[in-house]
Amino acid sequence: MMDQPLASRIGPTPLLDAAQLNADIEATARFGGTGNGGVSRLTLTPEDKAVRDWFVARASELGCSVTIDPIGNLFASYPGRNAALPAIMTGSHLDTQPGGGRYDGILGVLAGFAALRALKSSGLVTEHPLTVVNWTNEEGSRFSPAMFGSGVHAGAIALDEALAIRDQSGVSVGQALDSIGYRGSRSHTENPAAYVELHIEQGPVLEAEGIAIGAVTGVQGLRWFDVEIKGTESHAGSTPMANRRDALTAAARLILDVEAIGRAHAPGVLTVGRAGVFPNSRNVVPGRVSLQIDMRHPGKAGLEAMETALRQAVAGQTDSRIERIWAKKPVAFDPACIDAVRQAAADCGLSCRDIASGAGHDAAHLATLAPTAMIFIPSRDGLSHNEREYSSPRQCADGAEVLLRTLLKLDRRLA
Ligand code: GLV
Ligand code: MN
Ligand code: MN
């Protein structure tokens, strides 16, 4: 019996403790809980420290050794039979958007722990060590760009550059890491044998089609821009309408242009997600507006066309400037890993379809280091980055079970 490969010794009965996974989701939702079912846990805040402490405690209970790298990524390492093999890695992120949900990212980390728990309680041992990771700043709300934890790990952004990034109040990433005690000293240099991330879909496709599991084929490309429009601050009462240089009304026209560019470049999407008005006082004609713009498209040519149109629209405003602050190419995941997800879903008797990710994920960085795939489960009403984000305990457990079985298949295949 023990000589047979692990994955083939496992029947269709779920291995995963669904109730414990759901309890963990409830437990982590308390750190930064909004009181409306959501979570506000911006990266490297006291709330993030609290959930990181929770991660370290749970990992230790499971018998993992925990390491923290210099950008604050947390790695919980669980032994396999063969310590000489590189680990198979899974995980996601525990930070959230302001007023975000309790599943985005979190599910992928907690499902990693659920997989380890299932192995431990059933006495199953993989050949490879397994690592559950929490990546720093996936969301990119407090610090831009997003995903720099996995980005530093993958060499896409230099550590020093990431540590120097500042939030809106001038606090650097290095200072924020120190203030919560999560700046580690040891880089985790070993490339994993494979990386698999479970995540909620964050869109409407799986729910609309009544499908339990998405085998994610890749992540669309994205570009982030900062735009500034200048006008002239002046008195709201004494400046005649004809004499004004109002930066906010100029920004309003530009925002409508941005929306039109997005509509004209389907399946691309274009969003003004944040605006700053200066000086932001009722009786001052606004003298300056800053806009943070998010652009996504699955193809490089689409991204190029959208960027050209956006730059033209900005140039159409007097006294404006645009800066591209981040770009990520579209990423295709590993065909064999995607197939392992499909097969794992079939083993569980769950419906499955291929799906492209609209959202960005740490897995897109990991795909440059190792064969990578992702698993999606449905999101109610397609909502995410919203307190109402919801996937049922059953859907979460199904996703975690597929994650566990994908890890076991890859363990057998790669050993
Ligand atoms: C991450 O949440 C993203 O922006 O896709
Ligand atoms: Mn996420
Ligand atoms: Mn997110």
Before we move on, is L291 aliphatic (A, V, I, L, M), in a helix (DSSP H, G or I) and within 23 Å of the chain's Cα centre (by Cα)?
-> no
Please indicate, with yes or no, whether at least one residue in segment 153-176 is in contact with a helix residue (DSSP H, G or I) (Cβ under 7 Å, 6 or more places away or on another chain), modelled with pLDDT of 95 or more, surrounded by 21 or more Cβ atoms within 10 Å (Cβ to Cβ) and part of a loop (DSSP other than H, G, I, E, B).
-> no
Is one or more of the residues making up segment 325-339 within 16 Å of ligand 1 (Cβ to nearest atom), more than 17 Å from A359 (Cβ to Cβ) and hydrophobic (A, V, I, L, M, F, W, C)?
-> yes
Name every residue in segment 379-415 that is closer than 17 Å to A215 by Cα and among the charged types (D, E, K, R), in order of residue number.
-> D398, E401, R405, K409
Of the conditions (1) in contact (Cβ under 8 Å) with a residue 60 or more places away in the chain; (2) aliphatic (A, V, I, L, M); (3) away from ligand 1 (no atom under 16 Å from the Cβ), A364 clears all except one; give me its number.
-> (3)
Which condition number in (1) within 13 Å of ligand 2 (Cβ to nearest atom); (2) out of contact with any Asp or Glu (no Cβ under 8 Å at 6 or more places or on another chain); (3) not in a loop (DSSP other than H, G, I, E, B) is the one that A359 fails?
-> (3)
If you go through segment 380-397 one residue at a time, do you hit one that is touching a strand residue (DSSP E or B) at 6+ places or on another chain (Cβ under 9 Å), within 23 Å of T131 (Cβ to Cβ) and not in a strand (DSSP E or B)?
-> yes
Conditions (1) under 24 Å from P204 (Cα atoms); (2) more than 16 Å from ligand 1 (Cβ to nearest atom); number of the one not met by L410 = (1)
If we scan segment 247-261, do we find a residue that is in a loop (DSSP other than H, G, I, E, B), in the same structural domain as Q292 (by TED's automatic domain parsing) and hydrophobic (A, V, I, L, M, F, W, C)?
-> no
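Can you tell me which residue within segment 374-415, out of those that are of a type in the set (A, V, I, L, M) and surrounded by fewer than 24 Cβ atoms within 10 Å (Cβ to Cβ), is nearest to G33 (Cα to Cα)?
Here the residue is L383.
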Among (1) surrounded by fewer than 17 Cβ atoms within 10 Å (Cβ to Cβ); (2) assigned to a helix (DSSP H, G or I); (3) charged (D, E, K, R), which single condition is R321 missing?
-> (2)
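Quick check: is even one residue across segment 39-58 more than 30 Å from A164 (Cβ to Cβ) and assigned to a loop (DSSP other than H, G, I, E, B)?
Checking segment 39-58: not a single residue is more than 30 Å from A164 (Cβ to Cβ) and assigned to a loop (DSSP other than H, G, I, E, B).
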Tally time: how many residues in segment 117-142 are away from ligand 3 (no atom under 16 Å from the Cβ), of a type outside the set (S, T, Y) and either outside any loop (DSSP other than H, G, I, E, B) or not assigned by TED's automatic domain parsing to the domain that holds T96 (or both)?
-> 7
Pairing a residue in segment 345-357 that is free of Cβ contacts under 8 Å to residues at least 40 places away in the same chain with any residue that is not hydroxyl-bearing (S, T, Y), where Cβ atoms lie under 9 Å and the two sit 6 or more apart in sequence or on different chains, gives A346/C352
Taking segment 131-175 on its own, how many of its residues are more than 15 Å from ligand 2 (Cβ to nearest atom) and either under 17 Å from G91 (Cβ atoms) or basic (K, R) (or both)?
-> 6
How many of the residues in segment 10-66 are polar (S, T, N, Q) and surrounded by 14 or more Cβ atoms within 10 Å (Cβ to Cβ)?
-> 7
Scanning segment 185-219 for residues that are buried (at least 18 other Cβ atoms within 10 Å of the Cβ) and in a loop (DSSP other than H, G, I, E, B), which turns out nearest to ligand 1 (Cβ to nearest atom)?
-> Q202
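I need the full set of residues from segment 109-152 which are within 16 Å of ligand 1 (Cβ to nearest atom) and crowded, with 24+ Cβ neighbours inside 10 Å, in order please. Let's see the steps before the verdict.
Step one: of segment 109-152, the residues within 16 Å of ligand 1 (Cβ to nearest atom) are 109, 134-151.
Within segment 109-152, V109, N134, W135, T136, N137, E138, A146, M147, F148, G149, S150, G151 qualify.
The values are calculated or read from the model by the stated rules, or taken from the named source; none is laboratory data. Every value quoted in this text rests on a predicted model; they were computed, and no experiment measured them. Using ideal geometry, Cβ is built from the backbone for each residue, glycine included, and neighbour counts are taken over all protein chains shown.
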